[in-house]
Amino acid sequence: ANFTGKSLITRDFLESRGKLVSGITTTVTGDGLTGTEFKVETVNLQKSITADYTLQASDNNYSIKVDNGTIPVLITVPTGLPKNFFVGITQKGSADVTILEAVGVAIDNPVGLKIKGEGFCVGLEQIGTSNNFDLLADTKA
């Protein structure tokens with residue numbers, strides 16, 4: 001975009017107005033030149049769960065915090081998630097968080113399908129459009 005003679009939206013400007021915050025995706029659209037004003041959109045891509053949960057297409061690119069305390073939680077990965085689906089999952093409680101394969105889903109991890117423990121996180125990454133996933137990072141058997 002051509003910003004000649006225009007004000008550039010800076011990180012400080014966005015932070016000072018609460019529009020740029022950790023855990024928030026900020027998108028700036030419009031070029032400010034052709035009648036399309038700059039538009040700043042923020043989308044919070046975090047959610048918390050406290051019980052068993054089945055991933056949804058709308059969870060794509062989210063960070064899910066599992067506030068499970070001392071209660072074990074199962075997170076089910078269904079078939080049919082959107083192409084290149086990715087979600088990050090952080091265990092906040094002391095009980096196990098297990099990633100469960102629904103029928104027709106395969107999850108690859110050389111260690112296991114449980115998050116390693118409180119404070120640890122994993123990434124679940126779909127391989128293209130398939131129902132095959134890689135479970136990345138801190139896991140245990």
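How would you classify segment 36-141 from its alpha-carbon gyration tensor, with a ≥ b ≥ c the square roots of the eigenvalues: rounded for a/c under 1.5, else prolate if a/b is greater than b/c, otherwise oblate? In terms of gyration-tensor shape, oblate. Given their separation in residues at 0.36 nm each and the Cα-Cα distance between them, ILE127 and GLN56 gain 23.9 nm when the chain is fully extended.
Laboratory data are not the source of any read-out in this text; all were calculated from the coordinates shown. A quick note: this is a predicted structure, and the numbers were derived from the prediction, not measured.
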